[in-house]
Amino acid sequence: MGGAPATWMSHDSVAPQARVLPEPFAAKLVIGGLGLGFLVLFLFVPLAAVFHGALSKGWEVFLRSFQDPAGWHAIRLTLTVAAIAVPLNTAFGLAAAWAITKFRFRGKSLLITLIDLPFAVSPVVAGLIYVLLCGRQGWFGPWLAERDIQVIFALPGIVLATLFVTFPFVARELIPLMQAQGNDEEYAAATLGAGGWRTFWRVTLPKVKWALLYGVILCNARAMGEFGAVSVVSGHIRGQTNTVPLHIEILYNEYQFAAAFAFAALLALLALATLAGKSLLEAVSRGQFRADAQLVIAAKRP
């Protein structure tokens, strides 16, 4: 009787250890097979079909497809639009993320909603909006015509449409990270006498540089591959307003399948390069995080 309470107390005071149940091999096989089958069916097979179609008539026909002046103009126009849109969206994303995460002001919720707007609006609708605003019969059409400024069916319209569909990417990569990091280091810099710009360049920007580069890569990929919005505002003028995706559509509709697949393969290679850059940035970011963590641990050791 005297030892029973002690025995009961000893069992009650020890918390039961959680058991990690091994996953059945069949479940692993089914889940892994479904995931691999999905990747093969919706990723690898289309990519293989694109490259097979591009090389179906040999390397000579593949390389000859890029000798078309209209094709080279489409490549140059695509790179030009990306070179304009990506820096502008980078500047906007930095400014918007900094304002949303570091300051309190009226209309912050509205700004966040507007940033997410391109995710909810169809790109075709976005292109139509610019046509209704800047076309010949649009709101600003007569004013633009009087000053001989052409927006629709020209480079400015393509840039505007690309800007609209790509401007959330940089901001949406930066905002969650900057919210998680907080403002302690910025407050410390301000306490030490640093101004706003100095705090931004020396404190805020170094903390978010990898997320910024990741957002730039995604923005660039979308800018070069955009079809819907650009299709509405470009007018499909061959050799003048066609980007690479639009040029692929024209070649395919003209039954020039080898040339169409050749340019599609070019876009696919650009997409694969984007994924490689993304993976490289993630690896470098993880390595930098581990190095910083080791420095912090070493600093705390006596």
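The values are calculated or read from the model by the stated rules, or taken from the named source; none is laboratory data. Keep in mind it's a predicted model, so treat the numbers as computed, not measured. Note: ideal-geometry Cβ built from the backbone for every residue, glycine included; neighbour counts use all protein chains shown.
Go through segment 90-123 and give me each residue that's surrounded by 12 or more Cβ atoms within 10 Å (Cβ to Cβ), among the polar types (S, T, N, Q) and over 19 Å from the mean Cα position of the chain (by Cα).
Thr101
Give Ala120, Ala99, Ala83 a once-over and let me know the one that is out of contact with any Phe, Trp or Tyr (no Cβ under 6 Å at 6 or more places or on another chain), closer than 20 Å to Leu155 by Cα and not charged (D, E, K, R).
Ala83
State all residues of segment 181-214 that are surrounded by 13 or more Cβ atoms within 10 Å (Cβ to Cβ) and of a type in the set (A, V, I, L, M); if no residue qualifies, say none.
Result: Ala189, Ala190, Ala194, Val203, Leu205, Val208, Ala211, Leu212, Leu213.
Would you tally the residues in segment 49-71 being assigned to a helix (DSSP H, G or I) and surrounded by fewer than 13 Cβ atoms within 10 Å (Cβ to Cβ)?
Total meeting the criteria: 7.
Pull up segment 241-288, narrow it to residues that are at pLDDT below 90 and of a type in the set (S, T, N, Q), then point me to the one that is nearest to Phe66 (Cα to Cα).
Per the stated criteria, the residue is Thr274.
Go through segment 215-239 residue by residue and tally those that are of a type in the set (Gly, Ala, Ser) and surrounded by 21 or more Cβ atoms within 10 Å (Cβ to Cβ).
So in segment 215-239, the residues of a type in the set (Gly, Ala, Ser) come out as 215, 221, 223, 225, 228-229, 231, 234-235, 239.
Restricting the remaining residues to those that are surrounded by 21 or more Cβ atoms within 10 Å (Cβ to Cβ) gives 215, 221, 223, 229, 234.
Of the residues in that region, 5 qualify.
Among the numbered conditions (1) over 29 Å from Ala264 (Cα atoms); (2) surrounded by 14 or more Cβ atoms within 10 Å (Cβ to Cβ), tell me where Ile75 comes up short.
Going through the list (1) over 29 Å from Ala264 (Cα atoms); (2) surrounded by 14 or more Cβ atoms within 10 Å (Cβ to Cβ), Ile75 breaks only (1).
Can you tell me which residues in segment 195-248 are closer than 27 Å to Gly127 by Cβ and outside any helix (DSSP H, G or I)?
Glu226, Phe227, Gly235, His236, Ile237, Arg238, Gly239, Gln240, Thr241, Asn242, Thr243
List pairs: first in segment 197-219 and among the hydroxyl-bearing types (Ser, Thr, Tyr), second surrounded by fewer than 17 Cβ atoms within 10 Å (Cβ to Cβ) and modelled with pLDDT of 85 or more, Cβ under 7 Å, 6+ apart or cross-chain?
Close Cβ pairs satisfying both conditions: none exist.
Ala265 - would you say it is hydrophobic (A, V, I, L, M, F, W, C), free of Cβ contacts under 8 Å to residues at least 40 places away in the same chain and either loosely packed, with under 14 Cβ neighbours inside 10 Å or part of a helix (DSSP H, G or I) (or both)?
no
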